[in-house]
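Notes for the one structure printed next.
The values are calculated or read from the model by the stated rules, or taken from the named source; none is laboratory data. Predicted model only: the values in this text are computed from it and were never measured. With ligands, DNA and RNA removed, areas are computed over all heavy atoms of the protein, side chains included. Shrake-Rupley method; radii C 1.70, N 1.55, O 1.52, S 1.80 Å.
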Amino acid sequence: MATSDSSVPHLPLPAPLAPKKENITPIGSKIAELNESRTELLTRIQGLKHDLQSWRSKLDTQVKVYRDELSDLKKSLNVEVDQLRSEFQELRSTLQQQQEDVSASLKNLGLQDNSANDKEVQDPKIDEVKDEETHASSEDSDKKAEE
């Protein structure tokens, strides 16, 4: 019979069934905990999604406000730049006109000065010629007076 004992499989006793029931209870509580954790995580994820959407909406609003402000600043800057260009053009024209006026005045003064200088430069020569003429005419006058 010793051989028959080894060939016959042993059936589990009712004692091992008791630990299975005990294992089922902790698994059930673990499943309940996991479901509760899952529900909490889903709630947190939904909250985070809502926060993200809110944040995106606020960010989009801020971006739109900043773009509008930048657009206004750009328009204002362009207007100011155009005004400055116009003012600089007017200033340039005024300066050119003044420069032309000064140049014309200097030419007039320069011509008068040059003519005066030319006369002064020419005066000694002219004076010498005039002196010679005067001297010659006085000699002629003297000769006529002598006659």
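Rolling a 1.4 Å probe across all protein chains gives I31 an accessible area of roughly 90 Å². Here L106 sits with roughly 110 square angstrom of accessible surface, probe radius 1.4 Å.
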